[in-house]
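Read the structure below first, then the notes.
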Amino acid sequence: MKILLAAVNAKYIHLNLALHSLRQYAASFTDQIEICEFTINQYQENIIHEIYRKKPDLLAFSCYIWNISQVVSACRTLRVLFPHLPIWLGGPEVSFETEQFLAEHPCITGVMRGEGEVTFERLLERYAQESSRISGAEACREREAAENADLSGIPGITWRRADGKIIRERDLLPEDLPKMDDLPFVYDAMDPALFEHRILYYETSRGCPFSCSYCLSSAKKGVRYRSLEKVLRELQFFLDAEVPQVKLIDRTFNADADRALQIWQYILEHDNGVTNFHCEIEASILTEEELALLSKMRPGLIQTEIGVQSANGATLRSVHRNPDISKIRECAAAIRKNGNMHLHLDLIAGLPFEDLGSFRRSFAEVYRMQPNELQLGFLKLLKGSPIRREAERFGIEADPQAPYEVLRTDWLSYDDLLHLKDVEEMLEIFYNSQQFTNSIAALGQCFKDPMSLYEALSEWYRARGLYGLQHSRQARYEHLLAFAAQLPGMDTEAFRELLTMDMYLRENLKSRAGWMRDLSADREQTRQFYRREEETRRYLPDYASFDRQQLNRMTHLEYFPRRGEWLLFDYGRRDPLTQNARTVRLLPEK
């Protein structure tokens, strides 16, 4: 039996952990299972072509909100090509409302609900039993026999019987689920070449102690943990392999403070100087001891993602969240003060009791925490989430198609949400890119609150027909300069200097932008600087083996008249969090 597990990932850099876990958990079938990973950006026909050439006897897709339409479309075509091929789906997008889903999509044989390892292994065992009854001249009928296999009694599946009737078998019980230590560590059996340019996902636990109604983790109660002994050994694998980034997919990594401390302590003590670990944490329960330990980490070793979602108390209570916003503010301030961790904060637009004015206040609260990244997301009524069942009570209407994003609520109109979509785009371009740090901070002083800046930017973009176009990085700087120039009271020359600084922080430009100050008057002083630096190494002591021409290529020297100072940009020593060049202010010559 040839089994094909397929995934259509959001990006090439993602590696589908679920498929590899299914393959290795079904140990007696591992040699018969092949994995194919695609991306949503690939042409549909190419995905069909590759699967067709594999000629599988059983096909299973991993399904999420971002790929479900593409997966279903592929299955319709594959059903024509393979009339008797069992086609199975699994994953969070198809684990709920399964009878309706199968009724709408007759090309699908069945769905595996929830955690898939046990269910998938039992499914293969049943198909193998059916195949063993087919032999000799009847082998050509193997797929047809498999399609008609009796799958009764396999927990965790909803399937289509040979007569077309859709059967929902019982859910997996807690005692059916594997212990976390029995789940395979998939990476030690993989070709290390697959790790290059990839984010690797790793789970030390399953489940979440919280009950946020917009999250699928609230559908199941309790948390199961992998033993610390195994976790530490497996973290060392990533460190030894010098994997660039490991994303810990625990829903709340610090739910158990003592456990989190021990894992972070191990990461600190075994830091290889390369690997970065990303953790989703609940800041309101972060302890002083945890903060103290995190403050010792190498810059860039740990990334934290914190879901604030709203600063409106009524909103948070309505979705069964009750974090202490003041504690989140304190934790964010401590992380920013330490300056060694990327701080990612989340907001969700479209939650109950949050109108545009309330969201403006939530935005201001989170923005003033100065995250490296502020993700403005929009509520999605995920299948299986409690808020999907409560939507009518809150007047929430969402797109009936995945990803089921909110269209309006009793507090936000569709116009309001479109307005926030424009704010989100400006935020992504000018804040989250971290390419305009100094200039955006200066612009923020011109507006009454943080969101007003991005509203004004979006209005300016829309009035000039700039939405929907591809813009170079240089063009973004030009747009921002033109936007600033029309603001009342703006010192355009001072702002031009800030833009110049932002641009050189990120890149040693090969050609200077036309809007920048002419450097012809500074050339002699620049030549003198590099001549002296070759002799003294006053500002660039780490470049002792390089001559003045090489130093000139590796750095940039710029005079800022409004500031009255020279800045040296060193591109060999970048900030590990922002990737900005190291900057040195030149001291007056004695």
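Annotations
- Low-density loop positions, chymotrypsin sites (Phe, Trp or Tyr not before Pro), the range 26-113 - DSSP coil, at most 10 other Cβ in 10 Å: 43
- Between residue 220 and residue 12, full extension at 0.36 nm per residue minus the direct alpha carbon distance yields a gain of 71.9 nm.
- Our note on the geometry: Cα centres of the range 460-500 and the range 154-193, 53 Å apart.
- Tensor-based shape of the range 264-360 (alpha-carbon gyration tensor, a/c under 1.5 rounded, otherwise prolate or oblate): prolate
- Think of the chain as a dipole: +1 on every Lys or Arg Cβ, -1 on every Asp or Glu Cβ, centred on the Cα centre; then among 394, 301, 266, 301 lies furthest on the positive end.
- Square roots of five times the Cα gyration tensor eigenvalues for the range 180-412, Å: 32, 21, 16
- Principal axis extents of the C-alpha atoms in the range 228-321 (largest first, rounded to whole Å): 47, 26, 24.
- This structure gives volume of the Cα convex hull per residue in Å³, computed directly, and of [x] 169; [y] 186; [z] 177 that value is listed as [y].
- For the range 420-506, the Kirkwood estimate of the hydrodynamic radius, built from every pair of different alpha carbons, is 13.0 Å.
- Cβ-placed point charges (K, R +1; D, E -1), dipole of the range 180-412 about Cα centre in debye, nearest 20: 700
- In plain terms, the C-alpha convex hull of the range 43-194 casts an average shadow of 10.9 nm² when viewed from every direction.
- Among 485, 504, 451 the positive-end extreme of the charge dipole of the range 420-506 (Cβ point charges): 504
- Note on the range 3-175: with charges restricted to the Cβ of Lys and Arg (+1) and Asp and Glu (-1), its dipole about the Cα centre is near 320 debye.
- Rg/Rg_globular for the range 275-324, with Rg_globular taken as 2.2 N^0.38 Å and Rg from C-alpha atoms: 1.39
- For the range 518-585, the square roots a ≥ b ≥ c of the C-alpha gyration tensor eigenvalues yield an a/c of 1.5 or more together with a/b not exceeding b/c, which makes the shape oblate.
- Taking 0.36 nm per residue of separation and subtracting the current Cα-Cα distance, fully stretching the chain between residue 40 and residue 428 would add 137.5 nm.
- Residue 63 long-range amide H proximity, modeled H, under 5 Å: 90, 91, 93
- Computed E for residue 485/residue 298 - FRET, C-beta separation, R0 45 angstrom, nearest 0.05: 0.60
- A DSSP coil position with no more than 15 other Cβ atoms inside 10 Å describes the following GluC sites (Glu not before Pro) in the range 174-237: 196.
- Once the convex hull of all Cα atoms in the range 3-93 is built, its volume per residue stands at 90 Å³.
- Restriction of the chymotrypsin sites (Phe, Trp or Tyr not before Pro) in the range 379-461 to DSSP coil positions whose beta-carbon has at most 16 other beta-carbons within 10 angstrom yields 447.
Values quoted throughout were computed directly from the atomic coordinates according to the rules given, and no laboratory measurement underlies them. Please read all numbers here as calculations on a predicted model, not as lab measurements. Neighbour counts are summed over all protein chains in view; Cβ atoms, including those assigned to glycine, are modelled from backbone coordinates with ideal geometry.
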